[in-house]
Amino acid sequence: MQQFYLLFHTLQQHKLASWKLLVLAAGLILGCVVLFTYSSTSTVRSDRPSPDLSPSETSSNADSDATNKADSSANACYIDLNLLRLYADNASSVEYARLNFGVLRTENFTAFSDSLDVSIPSNRIVHLDTSASREIQTENDCTASVTIEVPLISPRPDASHMVFGVATSLEKLEDSLDAFSHWAGNTNAQIIAVVEQGGSSIRRRIQQRAKDLGIRLTITQTEDDRLDRYFSLIQVLYQHRHESTQWAVLIDDDTFFPSMKNLVDKLASYDSSIPQYVGAMTEDLARLSGTGYMAYGGAGIFLSLPLLSSLQYVFETCHAFKERGDRMLASCIYAHTDAKFTWERGLYQLDLHGDLSGFFESGRPLPLSVHHWRSWFQADMVALGKVSAVCGDECLLRRFQLSKDWFLVNGYSVIQDRTLWNDPRPMEQTWDKSKYKGSDPFAYSLGPLRRADPDKVSLRLRGVVEDEDSGSIRQVYVLSGADEKPPRVLEVVWAVVEED
């Protein structure tokens, strides 16, 4: 402060104007105060063994700590309580167990073993009536119970030689996109949908979503009723052919192909340069008296391009039949061409109602097609197919024996059947009797068959979660609670492991 007084005195001697003197003096006073305050603060801080953090620094470190804790929690082994709440029928608790499969991809893969020699883990009670979203477990709970070899994941097949046609509504078409993406996405297969007039906004939404899913979808609108729309596919598919087209395929909006690769490979065994009429019969034999020997549309009807071409000349004549769509097509082919129906046994119409678990749990080769899966019976084929991203199409519906009487039907159920291990070949007849007079309820085309086991325990797939970061798949199998018992939940985790 002494320097200030000397300077002030000097200014007075130079006789500066009073107003300039006051402004300059005020600035000098303020500067001295700032210097004094900074000097004091610096001294205090330098005496401390560790510096204090400013509010912004404190906040930043707190956020960092929280992030580290969150990362630690994310990487931990845990039970996803929100996932269980989603599929546990509003129960306050569940009997929970977890089974972990390590998946080792190898180019030397030959075949899956039918038996994995692994036991179902013991159940524990998990409470869901809490505010928590996770329950941390030990690392042992997430360690693979068994590691199995699987084939290398094949690239998506090229199906540019196939054009699919479906006559449906805009609403059903939108509901079918997830299913279509499983088999048609990024394969260059064309799908032509013939729908009713109108609905410009939903049509644009469908086209955009199909594009996002890698589906080559063309929507054609008509005023015809659904029966005529179906038969019109004969002309529409021909109009949308291109140089590489070999097959035209008529499907329903609930036709599902579990493996496009298998379908492409199977079609390659047929000569597409000659007229070919390929499909599947109904499993309900009583229907044959009214429909005859023909391809049923829901299983997929495959017409080679030469046959499709010849039908163009008789389209108007055949249109006068006015029968069911697939029946009209069969009548047209039989009346005007030399082509004869070929029953491809891997295609399934599944004209069966009720519980189709016996079909899906049979342990037989993966079907080429499945129909009626969300109408006549319930089987979430989209969720079922997701595990193929980890272990390949070959493991879909693969029936693994875990222990003597426990089996995993991959993507569909986990079952306890005390008789299956002794005679695994016959298919369990679980579906309802036919509504058609005189039908045998056993559908012998699916034989050999056996009676349904009343003592079988079956945990059905309720949901699937894909972890994009790790590439793992988590399947949730549930047995609904009974007699005031909580639901039973088995979470099956498929995770890729690296070779040592």
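The values are calculated or read from the model by the stated rules, or taken from the named source; none is laboratory data. Quick caveat: nothing in here was measured; it's all calculated off a predicted structure. Positions of Cβ are generated from backbone atoms using ideal geometry, with glycine treated the same way; all protein chains shown enter the neighbour counts.
The set of residues from the stretch 466-485 being polar (S, T, N, Q) and out of contact with any Leu (no Cβ under 8 Å at 6 or more places or on another chain) comprises Ser470, Ser472, Ser480. Only one entry of Asp467, Asp483 meets the criterion of being at pLDDT below 90, on the phi > 0 side of the Ramachandran plot and of a type outside the set (Lys, Arg), and that entry is Asp483.
Out of all the residues in the stretch 358-396, which are of a type in the set (Gly, Ala, Ser) and closer than 20 Å to Trp406 by Cα? Hits for the stretch 358-396 are Gly358, Ser362, Gly363.
Looking at Ser304, Ser309, just one residue is touching a residue at least 40 places away in the same chain (Cβ under 8 Å), over 28 Å from Trp376 (Cβ atoms) and crowded, with 19+ Cβ neighbours inside 10 Å, and that residue is Ser304. Within the stretch 385-415, being part of a helix (DSSP H, G or I) and hydroxyl-bearing (Ser, Thr, Tyr) holds for one residue alone: Ser388.
Return yes when Glu499 is within 16 Å of the chain's Cα centre (by Cα), within 26 Å of Leu152 (Cα to Cα) and not in a strand (DSSP E or B) and no when it is not. No: the conditions fail for Glu499. Would you point out the residue of the stretch 147-180, among those that are touching a Leu at 6+ places or on another chain (Cβ under 6 Å) and surrounded by fewer than 18 Cβ atoms within 10 Å (Cβ to Cβ), that is farthest from Phe109 (Cα to Cα)? In this case the residue turns out to be Thr147. For Val103, the stated conditions do not hold, so it cannot be described as closer than 17 Å to Val492 by Cβ, of a type outside the set (Gly, Ala, Ser), over 25 Å from the mean Cα position of the chain (by Cα) and surrounded by 11 or more Cβ atoms within 10 Å (Cβ to Cβ). Mind checking whether some residue in the stretch 121-143 is in the same structural domain as Val457 (by TED's automatic domain parsing), part of a loop (DSSP other than H, G, I, E, B) and under 18 Å from Arg399 (Cβ atoms)? For the stretch 121-143, residues in the same structural domain as Val457 (by TED's automatic domain parsing), part of a loop (DSSP other than H, G, I, E, B) and under 18 Å from Arg399 (Cβ atoms): absent. Residue check: Arg450 meets all listed conditions (1) part of a strand (DSSP E or B); (2) at pLDDT 90 or above but one, namely (2).
Pairs are defined by a Cβ separation below 6 Å, a sequence spacing of at least 6 or placement on different chains, a first member in the stretch 117-132 that is more than 16 Å from Leu459 (Cβ to Cβ), and a second member that is basic (Lys, Arg) and outside any loop (DSSP other than H, G, I, E, B); the pairs so defined are Leu128/Arg85. For the stretch 243-264, the set of residues classified as surrounded by fewer than 16 Cβ atoms within 10 Å (Cβ to Cβ) and either touching a residue at least 60 places away in the same chain (Cβ under 8 Å) or in a helix (DSSP H, G or I) (or both) consists of Ser244 only. Gln207 fulfils the conditions (1) surrounded by 15 or more Cβ atoms within 10 Å (Cβ to Cβ); (2) part of a helix (DSSP H, G or I); (3) in contact with a strand residue (DSSP E or B) (Cβ under 8 Å, 6 or more places away or on another chain) except for a single criterion, (1). Of a type in the set (Val, Ile, Thr) and crowded, with 19+ Cβ neighbours inside 10 Å: does that describe Val493? Taking the combined requirement at face value, the residue satisfies it. You will find that of Leu384, Leu397, the residue that is within 19 Å of Leu420 (Cα to Cα) and at pLDDT 95 or above is Leu397 and no other.
Scan the stretch 205-233 for residues that are closer than 17 Å to Gly298 by Cα and at pLDDT 95 or above and the total you get is 1. Across the stretch 309-343, the qualifying residues are those that are farther than 15 Å from Val278 by Cα and in contact with a Gly (Cβ under 9 Å, 6 or more places away or on another chain), and the one among them that is modelled with the highest pLDDT is Gly325.
Considering only residues of the stretch 363-384 that are surrounded by fewer than 19 Cβ atoms within 10 Å (Cβ to Cβ) and either outside any loop (DSSP other than H, G, I, E, B) or polar (S, T, N, Q) (or both), which is farthest from the chain's Cα centre (by Cα)? So the residue we want is Ser375.
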